[in-house]
Amino acid sequence: MSAPRIVFMGTPPFAVSSLEALHTAGIPIAAVVTAPDRPAGRGRQLRASAVKEAAIRLGLPVLQPERLRDEGFLEALRACGADLFVVVAFRMLPEVVWRMPRLGTINLHASLLPRYRGAAPINWAVMHGERATGLTTFLIQQAIDTGDVLMQEPVPIGPDETAGELHDRMAAIGSDLLVRTVRALANGSLAARRQETLIEGGPLRDAPKLTPSNCRIDWSWPASKVHDHVRGLSPVPGAWTELVRADGVTEHFKVLRSERTGADARGVPGSVHDADTGLLVVCGEGVLRLLEVQPEGRRRMPAAAFRAGLRGSIHFK
């Protein structure tokens, strides 16, 4: 069977690899749906999404609906004559959209479903200290991230790998998985599996949206947990804490890189000790070395450089 005609839906850089891979594989792409241009930067100039820029570069038609239920948009979708909709990092689709194509609508999710359903699966897998995660293609249905699974690909996580580094690796791996899924759907060789049949040992953790409250560091945690928290939120949005200066002034302070250390440093959790290669912070169990930080209102910098320019003692809370 020939490759199905698709409509691709996505917005951020993570989705670009998939769009490019589908195009390179010769999958007919009738249109690309992405977010409308939004003001960005200091000048608040309108900026296209990463997916729109890629679509234009590939010579593909682009649709940018404000509302997915708008009749004009729905008519444009129907006019595409697509057999399949392919979604990567896009908005939640209304039923009138995902039921439209003959073969249904598939999504690429950055976890091994049913684990880490939600908006930030890569971040939470790293924050929880997982040694492996993966990617899943599945058929979209009404409840988010609950549809029948088509294909999965495990991905190991390095002990010091950040969410940003893992994100970039998974974007490339996921694009290959998506091409294989589309081709298998076309030739009828895929058997969808209910997510309930894939549950094995271990907790079924979710991956909720990242907020200031769940990005904050708790220094009473063991150093290993703080380290996982830091790398799971690096480079964005960044794990944060409150820095308290000697005069009692506090400021918002991000920790972007850290490493576990066997150094001997004592004090209450959040106590800071100087080190040539960074700051040593006492945790609930063990000590963490901070390597890269971002003080409030400033750029990211080596932790040692930050400390060199600071007068007086500090601690975190």
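Here, each number is a calculation from the coordinates, and none is a lab measurement. Just so you know, these numbers come straight off a predicted model, no measurement behind them. With ideal geometry, Cβ positions are generated from the backbone for all residues, glycine too; neighbour counts draw on all protein chains shown.
One chain, two ends: Glu161 and His273. Fully extended at 0.36 nm per residue, the span grows by 37.8 nm beyond their Cα-Cα distance.
Estimated at 0.36 nm per residue, the fully extended path between Ser2 and Arg216 surpasses their Cα-Cα distance by 72.0 nm. Extension gain for the segment Ser224 to Glu71, taken as residue separation times 0.36 nm less the Cα-Cα distance, is 49.9 nm to one decimal. Taking every DSSP bridge with both residues inside the chain, close to 70 percent are antiparallel. Apply 1/(1 + (r/R0)^6) to the Cβ-Cβ distance of Leu46 and Glu20, taking R0 = 30 Å, and write down the FRET efficiency to the nearest 0.05. E(calc), rounded to 0.05, equals 0.80. Indicate the gyration tensor shape class of the stretch 6-198 (rounded, prolate or oblate), computed on the Cα atoms with a ≥ b ≥ c the square roots of the eigenvalues: a/c under 1.5 is rounded; otherwise a/b larger than b/c is prolate and the rest oblate. Taking the square roots of the gyration eigenvalues as a ≥ b ≥ c, the stretch 6-198 is oblate. Taking a ≥ b ≥ c as the square roots of the eigenvalues of the Cα gyration tensor, the stretch 212-316 is classed as rounded, since a/c falls below 1.5.
Using the Cβ-Cβ distance between Arg311 and Ala172 with R0 = 45 Å, the FRET efficiency computed as 1/(1 + (r/R0)^6) comes to roughly 0.50. Modelled this way, with points 7 Å down the Cα-to-C-beta line, the labels at Glu153 and Val236 are 2.4 nm from one another. Report summary: the helix-based calculation at 222 nm, which adds -39500 (n - 2.57) for every DSSP H run with n ≥ 4 and divides by the residues of the chain, gives -7500 deg cm²/dmol.
Distance from the alpha carbon centroid of the stretch 20-64 to that of the stretch 269-289 works out to 44 angstrom.
For the pair Arg102 and Ile144, what calculated FRET efficiency results from E = 1/(1 + (r/R0)^6), where r is the Cβ-Cβ distance and R0 = 22 Å, to the nearest 0.05? Once rounded, the FRET efficiency stands at 0.45. Of all lysines in the structure, the ones whose alpha carbon falls short of 17 Å from that of Lys225, not counting any fewer than 8 places away in one chain, are Lys254, Lys317. When only Cα pairs below 8 angstrom with a gap of at least 6 residues are kept, the chain shows a relative contact order of 14 percent.
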